[in-house]
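Encoded as structure tokens, the structure appears first; notes follow it.
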Amino acid sequence: MKFLIALLGILVVFGLAYLVSNGKKKIRYRPLIIMIVLQLILGYALLNTEVGTFLIGGFATVFESLLGYANDGISFVFGGLTTVGADSGGTPFFLSVLMPIVVISALIGILQYIRILPFVIKYIGLVLSKVNGMGKLESYNAVASAVLGQSEVFISVKKQIGLLPKHRLYTLCASAMSTVSMSIVGAYMSMIDPKYVVTALVLNLFGGFIIASIVNPYEVSPEEDILEVQEEEKQSFFEMLGEYIMDGFKVAIVVAAMLIGFVALIALVNGIFSAVLGISFQELLGYVFAPFAFIMGVPWKEAIQAGSIMATKMVSNEFVAMLDLTKQTTLSARTTGIVSVFLVSFANFSSIGIIAGAVKGLHEKQGNVVARFGLKLLYGASLVSVLSAIIAGLFL
């Protein structure tokens, strides 16, 4: 039965993408079939094989160690708070989940400085461009987004931003919204099972190309298929390290501020809806998103609950939704896994502003172009998350 529901889900996702396609006759189906098959193979390998378990275990161990090292710095600065937190049954969320972002950001900076990350990103992107039928720039951008983040990635290709036509710019922005930054992967892993985080990262990479190939199909000519990566301004090692540490700290503070605002506002709106209608706002959204949860493989009896968490992610952000998911005690393990995969992306309303702002900071005209197709960007990125969850649900 779950295979039939998955097939229905894939057809629905493709149908919804086709509905808003700006070039239905230009869609190339061969790359789509290849990428769907790759998603199925990778989903099975990661979730149902010993090799996948070993790779995910290794990945999780690395981040677990990094979080342990980060805790040394956190304890030194916030020692009293961490002790109080431990005595009361848990360390404050800001310290245990958000502060390690600072350390992981610093590590990314070091790998950038010694030229390991640029090498890896560039050549993985080149390999992907042979598979997805898109340009080198689009493929590089997708991999770089998953490492550098949805706003920082545009700095690395700023030489080409002003030269890109609307359709190529859409693909770059869609990739940035469909993936997540490596600097916050550790934070996700402290909230949901690492295997779902890793699976989502891999599936979203291909899913972004699949949906973009339907919503926004085009071919890049050999003359246009160039990649110019902006070299970072030469800095000393400790200048770079200080900059990345501060960047990581800013990310942690911004996420904390967003969480305070969104959690409080959602609680307020829930209270108003409950008082007026007898049903909370999140429960109401759960009914709207329940059909999508069902085609992802969630049993109908749990679909409304799952749909509520999915909606929370879209209207606020993935952190708020993950917090909600960790509080759920009645969802089955399979449903938890499917919803977890759905949550690992930047597909939410606030990301429209973040991405448009990042591009606008580099090229004002192109930033305005991004703002105009912002809702279509969120629509496509959300379909990527649904598709990844469907694939994962087949093997859970």
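By how many nm would the segment from K158 to K301 lengthen if fully extended, with 0.36 nm per residue of separation less the alpha-carbon distance? Present the calculation step by step, with values, prior to reporting the outcome.
Values: separation 143, 0.36 × 143 = 51.48 nm, distance 4.81 nm.
Using 0.36 nm per residue and subtracting the Cα-Cα distance, I get 46.7 nm.
In Å², what does the accessible area per residue of region 137-229 work out to with a 1.4 Å probe? Walk me through the numbers before you get to the answer.
Details: 2530 Å² over 93 residues.
Normalised by residue count, the accessible surface of region 137-229 is 27 Å².
Over region 245-285, average the accessible area per residue using a 1.4 Å probe and give it in Å², no decimals.
60
What longest region of the chain stays clear of trypsin sites (Lys or Arg not before Pro) that DSSP places outside H, G, I, E and B and that have at most 16 other Cβ atoms within 10 Å?
Values: sites that count: R28, R115, K234.
In short, 235-396.
If each residue of separation counts as 0.36 nm, what is the full-extension length gain between E239 and V77 once their alpha-carbon separation is subtracted?
56.1 nm
Region 82-206: Rg/Rh from Cα coordinates, Kirkwood Rh? Please list the in-between numbers first.
On the way: Rg = 16.9 Å, Rh = 15.9 Å.
Expressed as Rg/Rh, it is 1.06.
How far, in nm, would the chain grow between M258 and E50 when pulled straight, counting 0.36 nm per residue and subtracting the alpha carbon separation? Numbers along the way, then the final one.
Numbers: separation 208, 0.36 × 208 = 74.88 nm, distance 3.86 nm.
Extending this stretch completely gives an extra 71.0 nm.
Just the number, please: carbon plus sulfur as a percent of the accessible area of the chain, 1.4 Å probe, no ligands or DNA/RNA counted.
Values: 12210 of 17820 Å².
The C+S portion of the solvent-accessible surface of the chain is 68 percent.
On the Cα set of region 184-309, report Rg and Dmax in Å, please.
For region 184-309, the Cα radius of gyration and maximum Cα-Cα distance read 21.4, 61 Å.
For region 284-396, report the translational diffusion coefficient in µm²/s to the nearest whole number, using Stokes-Einstein at 4 °C, 1.567 mPa s, and a Kirkwood Rh over Cα pairs. Could you put the intermediate results ahead of the total?
Numbers: Rh = 14.5 Å.
Roughly 89 µm²/s, to the nearest whole number.
List, largest first, the extents of the alpha carbons of the chain along their principal axes, each in whole Å.
Answer, in whole Å and largest first: 63, 57, 46 Å.
Along the positive direction of the dipole of the chain (beta-carbon charges: Lys, Arg +1; Asp, Glu -1; about the Cα centre), which of V62, I354, A256 reaches farthest?
The residue sitting most towards the positive pole is I354.
Based on the alpha-carbon set only, what is the convex hull volume of region 7-86 divided per residue, in Å³?
Numbers: hull volume 16.8 nm³, N = 80.
For region 7-86, the hull spanned by Cα atoms encloses 211 Å³ per residue.
The values are calculated or read from the model by the stated rules, or taken from the named source; none is laboratory data. On a predicted model such as this, the values are computed, not experimentally measured, just so you know. Reconstructed Cβ throughout: ideal geometry from the backbone, glycine too, with neighbour counts over all protein chains shown. Heavy atoms of the whole protein, side chains included, go into the accessibility calculation; ligands, DNA and RNA do not. Shrake-Rupley method; radii C 1.70, N 1.55, O 1.52, S 1.80 Å.
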